[in-house]
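Remarks on the structure that follows.
Laboratory data are not the source of any read-out in this text; all were calculated from the coordinates shown. In this text the structure is predicted, and so the values were computed from the model without any measurement. As a convention, Cβ positions derive from the backbone with ideal geometry for all residues, glycine included, and neighbour counts pool all protein chains shown.
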Number of protein chains: 2
Amino acid sequence: MDIAILGTGLVGRTLAGRFAELGHTVTVGTRDPQATLARTGEGEFGDWAAQHRAVGIATFADAVGAAELVVNATNGGASLDVLALTGPHGLAGKVLMDVANPLDVTHGLPPTLFVKDTDSLGERIQRAYPAARVVKALNTVNAMVMAHPEVLPEPGTVFICGNNQDAKATVTTLLAELGHRDIIDLGDITGARGTEMMIPVWVRLWGALGGPAFNFKVVR
Amino acid sequence: MDIAILGTGLVGRTLAGRFAELGHTVTVGTRDPQATLARTGEGEFGDWAAQHRAVGIATFADAVGAAELVVNATNGGASLDVLALTGPHGLAGKVLMDVANPLDVTHGLPPTLFVKDTDSLGERIQRAYPAARVVKALNTVNAMVMAHPEVLPEPGTVFICGNNQDAKATVTTLLAELGHRDIIDLGDITGARGTEMMIPVWVRLWGALGGPAFNFKVVR
């Protein structure tokens with residue numbers, strides 16, 4: 001599948017590398033590809049790209065143009081601004097897998113959420129791009145657990161929600177390729193209120209457990 | 001231990017019956033004990049009390065008076081009003097295990113939360129009763145899983161948080177008696193923001209799974 005990843009941070013890179021490894025055609029979208037590649041040194045994108053030559057890099061609009069599936073791996077606070085750079089019709093008909101969280105760190109740590117309870121980032125994105133088929137997914141685990149769930153001693157649960165069944169089926173297949181074995185469909189995109197509101201306990205668990213390598217398994 | 005349960009609903013009854021079964025001295029607090037006992041018929045408190053004679057019933061103030069540990073099993077929206085009926089010093093020094101959730105159903109279903117993210121019901125209770133030792137616990141599972149975690153095919157996780165270590169140790173012992181095997185301490189009472197905000201996904205999971213018999217296990 002032709003996949004565009006929006007976001008050059010840890011989540012974007014980890015998913016890009018893993019999807020390429022699984023045989024997909026992956027392009028990372030960024031504002032200015034040359035500037036992004038010029039950032040070299042330990043932990044910078046240029047060095048990462050040199051080690052992941054199978055992954056393409058392009059402007060947001062170009063990356064999205066050829067893609068069947070687009071991953072929103074941007075910072076939640078920047079997501080709507082970045083998606084606007086894909087052009088007025090760039091996302092129409094695409095499956096848009098939204099893994100971002102509406103984190104607000106302007107008041108310090110722990111982060112709060114800038115939208116919650118009666119609305120969600122997933123819904124805001126779906127409303128802004130009604131012709132896109134938004135599926136909220138993977139926002140309840142960190143980058144490593146997203147891409148390599150087998151790092152945990154037993155399978156956890158991941159959640160999907162969205163208004164389009166075909167889009168959810170596509171995302172489910174992709175999550176299974178990543179190794180996720182327990183995928184629960186929470187219904188329409190308003191389910192994003194639920195999964196985004198898991199972040200406050202996730203942040204506190206990180207503190208309590210001393211690291212982000214964990215997941216929630218729904219025992220039933 | 002002498003335990004007062006505030007709340008005559010399903011959660012209050014289930015915990016009261018189970019704590020009595022475990023050998024504790026349990027008193028359910030209510031506004032008007034005679035009126036509560038006079039409610040007879042299928043599913044009413046009078047019938048339940050007749051089948052659970054080891055459980056006492058008293059006014060809120062009297063129930064709390066003798067108790068070492070008080071369980072807030074009231075409806076979240078009524079919790080502060082009910083706690084006020086325990087008298088100005090009734091809760092001083094007590095361990096107050098708060099299992100309530102700040103559910104707002106005034107706008108229909110699914111419920112939203114009337115406090116969240118930058119505050120929580122647990123914190124409101126602790127601020128209103130600074131001499132009480134509030135421990136938020138068990139609010140992420142339904143009454144049956146609270147009292148009989150062994151109904152699930154494998155142990156899930158329950159969370160505690162609060163400002164007083166001794167109070168958390170007391171609650172941890174009690175949770176272990178109920179059968180909970182994985183109890184994670186999220187830190188001070190602000191951790192209640194995290195566990196209370198798990199309710200929106202919990203509600204959607206109830207729908208997706210077709211019932212409330214589930215729990216979150218933190219796999220790590």
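For this structure, a couple of remarks:
- Distances in nm from A:Gly87 to the matching label points in the other copies, shortest first (labels 7 Å along Cα to Cβ): 7.5
- Backbone N under 19 Å from the B:Asp2 label point (7 Å along Cα→Cβ), restricted to the stretch B:88-109: B:88-97
- Taking amide H as placed 1.01 Å from N in the peptide plane, B:Thr157 has its amide H under 5 Å from the amide H of B:Phe216, B:Lys217, B:Val218, each at least 5 places away in sequence or on another chain.
- Per-residue shielding of A:191-199, expressed as the average number of other chain Cβ atoms within 10 Å of the residue Cβ, stands at 6.
- Shielding by partners, peptide A:177-185 (average Cβ within 10 angstrom, other chains): 1
- Mean-position separation - Cα centroids, the stretch A:96-167 and the stretch A:22-41, in angstrom: 22
- Antiparallel bridge percentage (DSSP; both residues within chain A; nearest 5): 15
- Computed per residue of chain B from DSSP H runs no shorter than four, each worth -39500 (n - 2.57), the mean residue ellipticity at 222 nm is -9500 deg cm²/dmol.
- Cα shape, the stretch B:98-220, gyration tensor, a/c 1.5 rule: oblate
- Anisotropy class assigned to the stretch B:99-171 is oblate, per the alpha carbon gyration tensor with a/c at or over the 1.5 cut-off and a/b no larger than b/c.
- Taking every residue in B:204-212 and counting other chain Cβ atoms within 10 Å of its Cβ, the average works out to 4.
- Among the trypsin sites (Lys or Arg not before Pro) found in the stretch B:149-205, those both in a DSSP coil and sparsely packed, with 16 or fewer other Cβ atoms within 10 Å of their Cβ, are B:Arg181.
- Relative contact order, percent, chain A [alpha-carbon distance under 8 Å, six or more residues apart]: 17
- Interchain or long-range residues, amide H under 5 Å from B:Ile5's placed H: B:Thr27, B:Val28, B:Gly29, B:Val71
- Of all DSSP-defined beta bridges confined to the protein assembly as shown, some 25% are antiparallel rather than parallel.
- Sum of side-chain charges, A:Trp206 neighbourhood, beta-carbon under 15 Å (Lys, Arg +1; Asp, Glu -1): +2
- Gyration tensor (alpha-carbon) shape descriptor, the protein assembly as shown, a/c threshold 1.5: prolate
- Cross-linked pairs A:Lys116/B:Lys94; A:Lys217/B:Lys94; B:Lys94/B:Lys116; A:Lys217/B:Lys168; A:Lys168/B:Lys136; A:Lys168/B:Lys168: Cα-Cα separations exceed 31 Å for A:Lys116/B:Lys94; A:Lys217/B:Lys94; A:Lys168/B:Lys136; A:Lys168/B:Lys168.
- DSSP-loop trypsin sites (Lys or Arg not before Pro) across the stretch B:1-101, with at most 12 other Cβ within 10 angstrom: B:Arg31, B:Arg53
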